[in-house]
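The values are calculated or read from the model by the stated rules, or taken from the named source; none is laboratory data. Keep in mind that what you see is a predicted model, and the values were worked out from it rather than measured. Note: ideal-geometry Cβ built from the backbone for every residue, glycine included; neighbour counts use all protein chains shown.
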């Protein structure tokens, strides 16, 4: 099936299970362009902040090292010793810069995908070397977007360099006649100026790249309606089977409820639509309980069983409606104690039955 046709059929948003499987396989919305541009911007900022200090420390280190050595002490062995010490000292100087870059890399990746570790992408896959699929990837829309983005970055960098150099043309030409130190300072200043402009524009482009990667990721996860139904069957079971199970459960619950009717003390009706059977065991129950209830046909069946077992049926429409709101095996609330007690007293007088 062509890719376009297949994608048109994928209209349903990805389910949580689909997203979890994709994440486990290493499929996440990650923009490498955003990572690289952010690192470039942070790295340039860090260099701009620590460069004067590092340059001053290195200069002082070299001056102190060379000034403390007499001509007789300048030999390969001593130079090697001082060289190793210099390397360690420079390592300490550049450690904050390295730490900033590491933390920045972790932060920008965490901001995109959260805490995420997977080894699925390291597993060799033969479809990666399939020439047909490779050609399809080469001519895909994603490749076109990446090519357009690369051309845009080249244009942006070229434009920034042109604008910056053209605006500083007189100063650049004047560097040929100034001393070395001022010339170096001006070159460094100009370099940082161009670098920050380029870094800022590349970061803006990368934000759009992340938005595209997010959109493409969501699009790739879309599912067909049949896939959603199939997943529901595999996770929750076939809807027809579930419906049949619920039907059987209702039948069993109804059967158990009807088996409780013979133990009732009284059935209260409204009189035709509702029927509620109450049971009260003096030594067991704190208050009368609802042992069965129903409406329409179920109410008729409850009354039929009650007649078969000579259980009194009392008509009380307001009380029946309030009792019907209670759950099965639930004790009646205290607000109904008086009304139910009067009915039970009447029942016991009528049937001459004593509470057990």
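Before moving on, here are some points about what is shown:
- Under the condition of being touching a strand residue (DSSP E or B) at 6+ places or on another chain (Cβ under 9 Å) and either free of Cβ contacts under 8 Å to residues at least 40 places away in the same chain or in a loop (DSSP other than H, G, I, E, B) (or both), the residues counted in the range 282-304 number 13.
- Look at (1) part of a loop (DSSP other than H, G, I, E, B); (2) touching a strand residue (DSSP E or B) at 6+ places or on another chain (Cβ under 6 Å) and you find that residue 277 fails only one, number (1).
- Selection status of residue 228, under 28 Å from the mean Cα position of the chain (by Cα), surrounded by 13 or more Cβ atoms within 10 Å (Cβ to Cβ) and on the phi < 0 side of the Ramachandran plot: yes
- Which numbered condition residue 119 fails, given (1) under 30 Å from residue 25 (Cβ atoms); (2) touching a helix residue (DSSP H, G or I) at 6+ places or on another chain (Cβ under 7 Å); (3) at pLDDT below 65: (2)
- The residues on offer are 249, 321, 282, 295, and the sole one that is surrounded by fewer than 14 Cβ atoms within 10 Å (Cβ to Cβ) and either within 53 Å of the chain's Cα centre (by Cα) or more than 18 Å from residue 338 (Cα to Cα) (or both) is 249.
- Residues satisfying the stated conditions in the range 24-41, i.e. modelled with pLDDT under 80 and surrounded by 13 or more Cβ atoms within 10 Å (Cβ to Cβ): 26, 27
- Residue within the range 195-218 that is in contact with a strand residue (DSSP E or B) (Cβ under 9 Å, 6 or more places away or on another chain) and either within 30 Å of residue 141 (Cα to Cα) or not assigned by TED's automatic domain parsing to the domain that holds residue 10 (or both) present: no
- Check on residue 12, in contact with a helix residue (DSSP H, G or I) (Cβ under 7 Å, 6 or more places away or on another chain) and either at pLDDT 75 or above or loosely packed, with under 11 Cβ neighbours inside 10 Å (or both): yes
- Among the residues of the range 187-226, just one is modelled with pLDDT under 85 and touching a helix residue (DSSP H, G or I) at 6+ places or on another chain (Cβ under 6 Å), namely 224.
- Qualifying residue in the range 263-272 (condition: without any contact (Cβ under 8 Å) to a residue 12 or more places away in the chain and in the same structural domain as residue 347 (by TED's automatic domain parsing)): no
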